[in-house]
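The values are calculated or read from the model by the stated rules, or taken from the named source; none is laboratory data. In this text, all values refer to a predicted model and were calculated from it rather than measured experimentally. Backbone-built Cβ (ideal geometry, glycine too); neighbour counts: all protein chains shown.
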2 protein chains.
Amino acid sequence: MLGNFSYKNATKLYFGEESLKYLNNELPKYGKTVQLIYGGGSVKRNGIYDAVVEILNANGKTIVEDAGVMPNPTADKLREGVKLARENSVDFLLAVGGGSCCDYAKAVSVSVNCDDDPWEKYYIRFEEPDCEIIPVGCILTMAGTGSEMNAGSVITNHEQKLKLGHVFGEEVMPKFSILNPRFTMTLPKRQMVSGIYDIFNHICEQYFSGEDDNTSDYIAEALMKSVIHSSLIAVENPEDYEARSNIMWTATWALNTLISCGKQTDWMVHMLGQAVGAITDATHGMTLAAVSLPYYRTVMPCGLPKFVRFAKEVWGVKPEGKTDKEIADEGLKAMEGWMKQIGVAMNLSELGVTEDMIEAIADATVILDGGYKVLDRDGVVEVLKASL
Amino acid sequence: MLGNFSYKNATKLYFGEESLKYLNNELPKYGKTVQLIYGGGSVKRNGIYDAVVEILNANGKTIVEDAGVMPNPTADKLREGVKLARENSVDFLLAVGGGSCCDYAKAVSVSVNCDDDPWEKYYIRFEEPDCEIIPVGCILTMAGTGSEMNAGSVITNHEQKLKLGHVFGEEVMPKFSILNPRFTMTLPKRQMVSGIYDIFNHICEQYFSGEDDNTSDYIAEALMKSVIHSSLIAVENPEDYEARSNIMWTATWALNTLISCGKQTDWMVHMLGQAVGAITDATHGMTLAAVSLPYYRTVMPCGLPKFVRFAKEVWGVKPEGKTDKEIADEGLKAMEGWMKQIGVAMNLSELGVTEDMIEAIADATVILDGGYKVLDRDGVVEVLKASL
């Protein structure tokens, strides 16, 4: 059943081919000095950077450049960004990029006016912000993380070999996000596919938990079916605007808290994937893909009815004459077939993980409950070995 | 495909059996004088009124009573409510009831500081508010209209025999809504069923439009499946908390703009139903139920692929060996069977409409486009006659 919950998500979304122009509607609401956050050179090569700078200039903004946000933004980079924001008395943080840039912007946002070390405060001690927050806006260039409409932020500490997330309160969500599906088309195909799997797994992690009848699970199935359908079109033709737009929109709703309202969730695949990311720096979605089937096959016997439902509703498995176990197996088999078809990493070896790294990854794995079966450390090691 | 759109919905929702206590979190954000809006005596009989007043008193609020909001709130009542708000310099409007109370509260909200006659300004001339808006909160006691998380407001003018709606901007949406499924259990069964059909039809009106592949349509199917499933439990046992909570949550998402993002919509069933309501004062959901099958059977040949999809995805119609027309017919037949099972009005005669009223209803019907076939006035008359 739907448990007790509250829901608020005030991010304003501008979606479509024309959406960048609405940056003009938003900028006047914020102060003069804008920290412009982006990653490597891709937004410069594809012209998005120039288009954004032109609009910032037209709105009389002073730009503070904050380039070089890496795919897994680090605690060191975060500390640099906070210093930059303080030195320039920044009024607004504008992230132009994928989830990494947006996650990083939120981390800077809650840290500028706070004395503590942000890594220690938010990602180790999981404290809440007790200082003024700098507002964030986002211009999204990669679909996947959902960071554009949520308050989540994942930061990596290479020295400590940890990649940890903090889900802040609704006040940390971006004030606006600009979603132009064409901006995602400049991505290499492998990045697109990684994002698609990230979306799918976000939905799985909210779906595979609880035994109740719940509207959220119906919506989760809808989002899964839409992203599966569009992914098969997009891998054939990455320029298909319809498919890319559905993927982008599905990503947003897969992780903006809607489908977890009133239900348990099980984020263990993310915990395992993030630990792999902390050790290998592999692409986020691929780390999830590599560990998810071994994980779900491990927990399936404890949550069989939901895996049966998944098989029938999401993959169209015909149940006639089959045991529940057979139906559930067939569903995961169908999921495996789809994963191979779109081309995600099917095991950790592909990501450079070797058996001698398993213990370190297990050490970096945060164990959460909420799922059909709570793993102990041995269970984590088993799933990781099965994922090699 | 997903067209260009913007989306923002900042209503804070508190959901669950404990949700009323969160009124204490919200009241301090607003001024001292609260206009307490409710309908007949039901909220007094079931204790909800007393519980709300206790919280208002504990928060030091001055209460301005605004009782007697009718199921189809009238322009005259609206003018009285505006007068009351002005005379008492009201700071906040708190609606305790169903969609009627919430719609009415929004209408008062945009009219208190505006000199024009609100019926003429908003419902006849469809102008936007150009005056300060009084904030609205909602404590919902009936699931159906979705008014708790949108900016829609429908008002009836009996003299002019018109029932017209205005969808305002996001600033008119309730600041918060309190959704306690137990509060909906005091409703008579016929009211519950009417609300359930209202939900279902809201989804249909956003679904049966456009030929494109669109994530919104997948979500629409999910909401339809959830409400069908839970409705069958709730008509057997109206006290089933799980079913009533899913119905309540589905109602909110069926009409808070999400599933119409980036796509065409076809609100003709609402236009027909509202015209019936203007002439007969019949319960809103029942007016929709009475006209919807004749309407959808009329437009079906022009949107056959969507009706085929509806049959297969929502009703599980097996397509093997059938023409598209047969599949689509079977889908609408299944919908008809479900409507009979839950006990909605299956024709206009049940609502007291006679053939001599058809012309007046047609006169009151606003013709919209967006659907698979745009009716002319003769088409409206034909659908109404087929609904008798």
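Is it the case that some residue within the stretch B:124-138 is touching a Gly at 6+ places or on another chain (Cβ under 8 Å), β-branched (Val, Ile, Thr) and at negative phi? Checked the stretch B:124-138: no residue is touching a Gly at 6+ places or on another chain (Cβ under 8 Å), β-branched (Val, Ile, Thr) and at negative phi. Filtered by the rule that a residue be at pLDDT 95 or above and not in a helix (DSSP H, G or I), the stretch A:266-282 gives A:Asp266, A:Trp267. The set of residues in the stretch A:231-246 that are crowded, with 24+ Cβ neighbours inside 10 Å and polar (S, T, N, Q) comprises A:Ser231, A:Ser245, A:Asn246.
Do we find that B:Gly352 is in contact with a Ser or Thr (Cβ under 7 Å, 6 or more places away or on another chain) and surrounded by fewer than 21 Cβ atoms within 10 Å (Cβ to Cβ) in this structure? It is true that B:Gly352 is in contact with a Ser or Thr (Cβ under 7 Å, 6 or more places away or on another chain) and surrounded by fewer than 21 Cβ atoms within 10 Å (Cβ to Cβ). The residues listed here are A:Gly303, A:Gly262; of these, the one that is in contact with a Phe, Trp or Tyr (Cβ under 6 Å, 6 or more places away or on another chain) and not in a helix (DSSP H, G or I) is A:Gly262.
If only residues of the stretch B:209-220 that are within 8 Å of another protein chain (Cβ to nearest Cβ) and surrounded by fewer than 22 Cβ atoms within 10 Å (Cβ to Cβ) are counted, the one that is nearest to B:Tyr296 (Cα to Cα) is B:Asp212.
Scanning the stretch A:225-251 for residues that are in contact (Cβ under 8 Å) with a residue 40 or more places away in the chain, in a helix (DSSP H, G or I) and more than 9 Å from every other protein chain (Cβ to nearest Cβ) returns A:Ile228, A:Ser231, A:Leu232, A:Ala234, A:Val235, A:Arg244, A:Ala251. If you go through the stretch A:256-270 and keep only what is within 15 Å of the chain's Cα centre (by Cα) and within 14 Å of chain B (Cβ to nearest Cβ), you end up with A:Asn256, A:Thr257, A:Leu258, A:Ile259, A:Ser260. Report whether or not A:Ala251 is within 24 Å of A:Met70 (Cα to Cα) and hydrophobic (A, V, I, L, M, F, W, C). Considered against the rule, which asks whether it is within 24 Å of A:Met70 (Cα to Cα) and hydrophobic (A, V, I, L, M, F, W, C), A:Ala251 comes out as yes. Considering only residues in the stretch A:31-44 that are in contact (Cβ under 8 Å) with a residue 40 or more places away in the chain and over 22 Å from A:Thr252 (Cβ atoms), the one that is nearest to the chain's Cα centre (by Cα) turns out to be A:Leu36. Scanning the stretch B:281-312 for residues that are over 18 Å from the mean Cα position of the chain (by Cα) and closer than 19 Å to B:Asp198 by Cα turns up B:Leu293, B:Pro294, B:Tyr295, B:Tyr296, B:Arg297, B:Phe310. In the condition set (1) closer than 30 Å to A:Lys21 by Cα; (2) surrounded by fewer than 17 Cβ atoms within 10 Å (Cβ to Cβ), B:Tyr7 is compliant with all but (2).
Taking strands (runs of 3 or more DSSP E) as the structural unit, those lying wholly within the stretch A:1-104 and holding at least 2 residues that are within 14 Å of chain B (Cβ to nearest Cβ) correspond to A:5-15. The condition (being touching a His at 6+ places or on another chain (Cβ under 8 Å), away from chain A (no Cβ under 14 Å) and either at negative phi or surrounded by fewer than 21 Cβ atoms within 10 Å (Cβ to Cβ) (or both)) is satisfied by just one residue among B:Gly285, B:Gly273: B:Gly273.
Being at pLDDT 95 or above, in contact with a strand residue (DSSP E or B) (Cβ under 8 Å, 6 or more places away or on another chain) and either closer than 19 Å to B:Val235 by Cβ or not β-branched (Val, Ile, Thr) (or both) holds for only one residue in B:Asn201, B:Asn150, and it is B:Asn150. Within the stretch A:152-199, the set of residues being part of a loop (DSSP other than H, G, I, E, B) and surrounded by fewer than 21 Cβ atoms within 10 Å (Cβ to Cβ) comprises A:His158, A:Glu159, A:Gln160, A:Lys161, A:Phe168, A:Gly169, A:Lys175, A:Pro188.
So is B:Gly316 within 15 Å of the chain's Cα centre (by Cα) and more than 18 Å from B:Val374 (Cβ to Cβ) or not? Criteria not met by B:Gly316. The set of residues in the stretch B:105-151 being crowded, with 22+ Cβ neighbours inside 10 Å, of a type outside the set (A, V, I, L, M, F, W, C) and not in a loop (DSSP other than H, G, I, E, B) consists of B:Lys106, B:Ser109, B:Pro118, B:Tyr122, B:Tyr123, B:Gly137, B:Ser147, B:Glu148.
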